Amino acid sequence: LEFGGESDHIHLLLELNPTIQPSKLVNSLKTVTSRKIRKEFSEHLKEYYWKPVLWSRAYCLLTAGGAPVEVLKEYIENQDRPT
């Protein structure tokens, strides 16, 4: 529903089917985006990344069942854009 972030992390606002395990979704997103970014920007990244790892293993997952979606979107929109 919304994407934003800062120089060292991103914010995603997602609406998920209850059958989807959030931890597995985060793992899949990190795996796929890491492969794609490392493939597309391999020349630039090779001086910074000597291991085949782009993301850290950590993540923060928050649920927002009672908060209005518009408030959450506004929060994310007001974050800096990832570089």
Output the number of the condition that L25 fails; it satisfies all remaining conditions of (1) touching a Leu at 6+ places or on another chain (Cβ under 9 Å); (2) touching a residue at least 24 places away in the same chain (Cβ under 8 Å).
-> (2)
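If I filter the stretch 31-83 down to residues being among the small types (G, A, S) and either touching a Leu at 6+ places or on another chain (Cβ under 7 Å) or over 20 Å from E6 (Cβ atoms) (or both), which single residue comes out as modelled with the highest pLDDT? Give the steps one after another, and end with the answer.
Going residue by residue through the stretch 31-83, those that are among the small types (G, A, S) are 34, 42, 56, 58, 64-67.
From what's left, either touching a Leu at 6+ places or on another chain (Cβ under 7 Å) or over 20 Å from E6 (Cβ atoms) (or both): 34, 42, 64-67.
Details: S34: 89, S42: 86, A64: 79, G65: 75, G66: 81, A67: 83.
The residue in question is S34.
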With (1) touching an Asp or Glu at 6+ places or on another chain (Cβ under 9 Å); (2) surrounded by 10 or more Cβ atoms within 10 Å (Cβ to Cβ) as the list, and S7 as the residue in question, which single condition is left unmet?
-> (2)
How many of the residues making up the stretch 24-48 are loosely packed, with under 14 Cβ neighbours inside 10 Å and within 27 Å of N78 (Cβ to Cβ)?
-> 1
Applying the selection to the stretch 65-79, what residues are surrounded by 10 or more Cβ atoms within 10 Å (Cβ to Cβ) and closer than 17 Å to I10 by Cα?
-> L72, K73, E74, Y75, I76, E77, Q79
Among the residues of the stretch 35-77, which ones are among the aliphatic types (A, V, I, L, M) and within 21 Å of K24 (Cβ to Cβ)?
-> I37, V53, L54, A58, L61, L62, A64
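The values are calculated or read from the model by the stated rules, or taken from the named source; none is laboratory data. Since this is a predicted model, take the numbers as computed values, not measurements. All Cβ positions, glycine included, derive from the backbone under ideal geometry; neighbour counts span all protein chains shown.
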